[in-house]
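Take a look at the structure below.
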Amino acid sequence: MDRIKFLGDVKIRPTLIQLLNLGMIICSALMIWKGLMCITGCESPVVVVLTGSMEPGFKRGDILFLHMNKEPIRAGEIVVYNVDGRDIPIVHRVIKAHERRDTGEIDILTKGDNNQVDDITLYSGGQLWLNRHHIIGRAIGYLPYVGYLTIIMTEMPIVKYLLIGVLALLVITSEE
Amino acid sequence: MHSAVQRANTVATIAAILLATICAAASFLDAFNSPSLQAHVQVVKINRFRRQLDGNDEVKMTLKMSMDLTSLFTWNTKQVFVFLAAEYETDTNSLNQVSLWDHIVQEKERASFQVKVPTKYPLIDQGTNLRGKKVGLVLHWHIMPISGRMIQGKMPLSNFSLPDSYTTRS
């Protein structure tokens, strides 16, 4: 009985330190992510390509670096946009742009490089054009394959839980 | 002395750092490439110029284009997306850019070519401003790398004027 109580006392402080370490790692990661959001001006500065609609340029699993600034949106740019009412952002190219003289507002039409038709059927309801407020960011850089892990984790959640479980186990059981 | 996990961790970290450095270097070197490309475009024929049912002008034409894009390619280039845009202004719009034709070039050997094609996408105005309008044809390109920063560029080619009246009865 005495020994069990003794063991219980000794274990608390190292465990708390381990938890604090874990907390620090998570906070650092969050800080980096939020910092990136500020620098690039986008809500999600990095996106994973989910569909093959921009092949052969972007394949499923590639990641794109986004940037958003006050520069006007022009034809040929690859933009990431959200349609009203849909969650998943779409990465396509601007093929038509009409900029209003009076308001400076811009109407754009997008199309995936690998698609036969433009995106008009993707816009919600009777919407004919996208405007600036629909655009989350412009793609400025690209890395192949790196995002495939995210796709696997989304489509097979068991991998995500396994990975988190293993990481948590490693952090808790590792000695400083 | 060092556990397997520690060794795997070190190898993975060094590999990641090396890969990131190589990607950054490849992208950095791309900036030094100063392309000198040549291109020529000519409107062969206006196939259709009418007013659509919803009230907007629509033009379809046949274009004859020749271009040499080989100087855009570096060893870090995966493909070059090239498109021809019709650019013009109207009373309501300070800028209209409409892509008429696009093409993906994946190999340097196939970067110099000539085509005579009908426009892939019709030139549709927001309104009925196209009669007699002077339209500029601008060649745009978008260099997509194997990894790193994407580079865009453009080159104005020729201008042409649309006919003063519709050629097809709508």
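Okay, here's what the table says:
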quantity	calculated
Shielding by partners, peptide B:91-101 (average Cβ within 10 angstrom, other chains)	6
Residue of A:I164, A:I39, A:I152 that the Gaussian network model of chain A assigns the largest fluctuation, springs spanning Cα pairs under 10 Å	A:I164
Cα long-axis angle, helix B:4-30 against chain B (0 to 90 degrees, to the nearest 10)	40
Length added when fully stretched, B:V44-B:N9, from 0.36 nm per residue minus Cα-Cα	6.3 nm
Test item: A:53-60 mean partner chain Cβ contacts at 10 Å	3
Relative contact order of chain A, pairs being alpha-carbon contacts under 8 Å that are 6 or more residues apart, as %	23
Shielding of B:144-152 by partner chains, average beta-carbon count, 10 Å	5
Taking N as its residue count, the alpha carbon Rg of region B:54-170 over 2.2 N^0.38 Å	1.21
Per-residue [θ]222 nm for chain B (sum of -39500 (n - 2.57) over DSSP H runs n ≥ 4, rounded to 500)	-5500 deg cm²/dmol
Proximal lysines relative to B:K64, as straight alpha-carbon distance under 17 Å, when same-chain residues fewer than 8 apart are discounted	B:K45, B:K116, B:K120
Relative contact order for region B:31-170, counting Cα pairs under 8 Å that sit 6 or more residues apart, in percent	29
Computed Kirkwood radius, in angstrom, where 1/r is averaged over Cα pairs of the protein assembly as shown	23.5
Average projected area [Cα convex hull, chain A], square nanometres	14.6
Spatial separation of Cα centroids for region B:86-110 and region B:17-42, in angstrom	22
Cα radius of gyration and Dmax for region A:26-112 (Å)	14.8, 47
Solvent-accessible area, 1.4 Å probe, carbon plus sulfur percent, for region A:20-176	67
Area hidden from solvent between B and A (accessible, protein heavy atoms only, 1.4 Å, total, Å²)	2600
Gaussian network model of chain A, Cα within-10 Å springs - most flexible of A:K11, A:K96, A:K70	A:K11
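The values are calculated or read from the model by the stated rules, or taken from the named source; none is laboratory data. Given the structure is predicted, the values throughout are model-derived calculations rather than measurements. Backbone-built Cβ (ideal geometry, glycine too); neighbour counts: all protein chains shown. The area values use the complete protein model at the heavy-atom level, side chains included, leaving out ligands, DNA and RNA. Shrake-Rupley method; radii C 1.70, N 1.55, O 1.52, S 1.80 Å.
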